[in-house]
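Below you'll find the structure, written out as structure tokens, and then a few comments.
Nothing in this text is a laboratory measurement; each read-out follows from the coordinates by a stated rule. No experiment lies behind these values; they were computed from the predicted model shown. All Cβ positions, glycine included, derive from the backbone under ideal geometry; neighbour counts span all protein chains shown.
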Amino acid sequence: MALFKRNKQVRVIPGFKLTLGITIALLSLLVLIPLASVLVYSFKLSPSEFWKLITASNVLNAFATSIVCALIAALINSVFGLILAWVLVKYDFPGKRILDGLIELPFALPTAVAGITLSKMYSDTGFPGSFFSSIGLDISYTKIGIVIALIFIGIPFTVRAVQPVLEKLDNQYEEAAYILGSSRRRTFRKVIFPELFPSLLTGFGLALARGIGEYGSVIYISGNSAKDNTQVVSYVIMQKLERMDYASATAIALVLLIISFVLLFVINIIQIRRSRRISVR
Amino acid sequence: MEIFDQKEARSRKITKYILIGLSVLFIAVMLILPLASVIVNSLREGVDYYFKALSTDYVTSALVVTFIATVIAVAVNTVFGLVASWVITKFDFKGKNVLSTLIDIPFSISPVIAGLAFIMTFGRLGWASEIIDSINSALGTDIQIVFAIPGVVLATIFVTFPFVSREIVPVLNTVGKDEEEAASILGAGGFKIFRKITFPHIKWALVYGIILCTARALGEFGAVHALSKTRGGTFTLPLEIDALYMSGSADSITAAFAVSSLLVLIAVAVLIVRNVFEFRTKSKNRKGK
């Protein structure tokens with residue numbers, strides 16, 4: 001327990017040991033120990049066995065599909081996240097509060113509901129899917145469909161990461177840059193964007209992490225065809241579970257966990273750095 | 001904005017309208033259209049069919065299971081959220097960042113992995129299955145975790161674990177801990193400090209955290225999908241929606257959207273509460289300044 005040792009200073013508020021104890025106990029029982037079971041089981045596999053399971057062609061394809069689609073969706077979300085945050089912070093217009101409230105819809109709407117709806121909308125019988133298929137562009141059951149589902153799921157992450165930073169950014173910087181003769185594009189590039197970049201990166205990372213592991217909103221629109229490479233990683237894990245192939249399921253899950261942890265770790269570093277930079281000022 | 005000359009002001013105005021237009025278009029296509037689409041699809045076969053689809057035995061059973069899982073998950077996560085946010089914001093200790101990161105794990109891992117984790121713990125291959133077996137033989141009970149209601153509950157708790165604490169921690173961080181320290185020096189006990197000083201600050205954050213946690217618990221799909229296999233027994237509403245949708249006939253797809261429309265209504269209610277809550281805290285802050 002050396003990890004959670006209290007710092008040497010007088011602590012007057014009571015309840016440290018009790019609340020820390022309850023927190024760690026619940027966290028361990030409900031989250032950490034079950035997750036550790038996945039680790040323990042996957043360590044029973046020999047390295048060569050593990051390697052063989054995760055380099056099976058359908059598994060590699062699923063990782064490629066999940067990562068590429070999540071990257072594209074997170075990039076698109078970063079652009080729109082920046083625009084939406086900008087509009088919500090800098091401008092006043094009727095309906096702004098409704099717009100602001102709707103951003104959180106993907107957090108509140110069950111993923112399965114989003115999944116079947118998007119799948120239906122973008123199939124050749126839905127709107128706007130019928131329009132796209134009439135010009136020869138199929139969206140449902142292709143990778144474009146996966147990207148659309150991931151844009152839906154990821155947009156709140158980027159908007160909500162940038163918005164608070166933009167709110168704190170003083171208009172004076174912008175005005176000073178203008179008075180000193182800087183063009184607007186240059187002001188944005190040199191003054192505003194550098195301030196927003198860390199939070200944009202955080203939002204990008206969160207959307208990416210969510211997108212790589214996403215299940216409910218993706219599996220209906222993706223078509224899940226091994227031939228067309230439209231299976232995502234979560235789908236493959238579920239498929240292995242249903243076939244009772246626990247070795248494959250845990251091996252793939254372990255790789256996915258490592259990817260999530262690395263992303264989470266990087267995001268935390270960005271945030272800690274950011275808060276240090278602000279507190280120095 | 002007088003500092004900008006006329007030309008500059010006009011060009012800024014054009015940018016403003018382009019950006020607002022883009023934003024409205026994005027929200028309309030990506031968020032409003034899907035919402036409307038659920039409602040339109042659910043009423044495709046008429047209002048009578050809509051209500052018939054909502055009153056099947058499967059849907060009733062799914063409602064009950066969803067309700068049980070949600071109530072337990074929200075209760076556990078509320079207790080955890082209060083305790084964890086207290087320890088994280090009121091004390092300085094080594095490993096605090098590690099603890100916060102660990103609490104956020106369920107937020108950033110695939111829900112399917114959450115389901116897998118409980119299968120590998122309590123399932124046939126899991127190390128805890130022997131413990132459950134010995135409890136069952138000792139007490140003569142027949143407790144099942146995986147593919148039974150307890151598994152559904154555990155998975156729901158797991159995926160919604162950080163929701164309440166995530167709402168409270170930022171509020172307590174802004175408030176600071178001076179008031180609690182003063183109260184403690186003046187001799188107030190821990191629970192009294194919480195009730196009289198901390199609680200009034202976090203009231204609304206707690207309410208919103210609970211509502212968000214409820215919404216997510218009602219709608220959890222991936223984790224529960226791995227742990228629940230009996231339609232009409234351990235299926236939750238999202239699993240019932242999945243079963244209806246995947247059966248493929250036009251009627252049952254409409255039924256799937258009918259059940260979905262219930263969850264859409266809940267989601268919209270959550271958003272409205274969120275908006276009211278934010279408006280309240282913002283106008284309160286403004287008054288404070």
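Data for the structure
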quantity: Part-to-part distance (alpha-carbon centres) for the stretch B:4-61 and the stretch B:175-190, which is given in Å; calculated: 47 Å
quantity: Mean-position separation - Cα centroids, the stretch B:107-173 and the stretch A:72-122, in angstrom; calculated: 31 Å
quantity: Theoretical ellipticity at 222 nm over the protein assembly as shown - DSSP helices of four or more residues, -39500 (n - 2.57) apiece, nearest 500; calculated: -24000 deg cm²/dmol
quantity: Residue of B:Ser100, B:Ser247, B:Ser23 that the Gaussian network model of chain B assigns the largest fluctuation, springs spanning Cα pairs under 10 Å; calculated: B:Ser23
quantity: Order of B:Val224, A:Val236, B:Val87 under a 10 Å beta carbon neighbour criterion, fewest first; calculated: B:Val87, A:Val236, B:Val224
quantity: Karplus (6.51, -1.76, 1.60) ³J(HN,Hα), θ = phi - 60°, over the stretch A:217-232, in Hz, Gly and Pro reported as x; calculated: 6, 9, 5, 7, 7, 7, x, 6, 9, 5, 5, 8, 6, 10, 8, 9
quantity: Residue of B:Gly219, B:Gly248, B:Gly190 that the Gaussian network model of chain B assigns the largest fluctuation, springs spanning Cα pairs under 10 Å; calculated: B:Gly190
quantity: The stretch A:79-157 - percent relative contact order, Cα under 8 Å, separation 6 or more; calculated: 30 percent
quantity: Chain A - percent relative contact order, Cα under 8 Å, separation 6 or more; calculated: 27 percent
quantity: Gyration tensor (alpha-carbon) shape descriptor, chain A, a/c threshold 1.5; calculated: oblate
quantity: Lysine pair number, Cα distance threshold 18 Å (strictly under), the stretch A:45-280, separation 8 or more or different chains; calculated: 6
quantity: From phi via Karplus (6.51, -1.76, 1.60), per-residue ³J(HN,Hα) for the stretch B:166-173 in Hz, x at Gly/Pro; calculated: 4, 7, 7, 3, x, 5, 5, 5
quantity: Mean Cα-pair separation over length for chain B, i.e. relative contact order, pairs under 8 Å, 6 or more apart, %; calculated: 30 percent
quantity: Cross-link reach list, aspartates and glutamates versus B:Lys52, counting only Cα pairs under 12 Å and skipping chain neighbours closer than eight places; calculated: B:Asp251
quantity: Most mobile of A:Val79, A:Val165, A:Val31 in a GNM of chain A (Cα contacts under 10 Å); calculated: A:Val31
quantity: Kyte-Doolittle mean at least -0.5, axial Cα span of 18 Å or more - DSSP H helices of chain A; calculated: A:57-90, A:143-168, A:193-213, A:246-280
quantity: Neighbour-count order for B:His201, B:His225, fewest beta carbons within 10 angstrom listed first; calculated: B:His201, B:His225
quantity: Burial ordering of A:Leu60, A:Leu196, fewest other beta-carbon atoms within 10 Å first; calculated: A:Leu60, A:Leu196
quantity: Spin-label proximity, A:Val262 to the stretch B:96-127 - amide N less than 18 Å from point 7 Å beyond Cα toward beta carbon; calculated: B:108-110
quantity: Separation between Cα centres of the stretch A:130-164 and the stretch B:214-269, rounded to whole Å; calculated: 22 Å
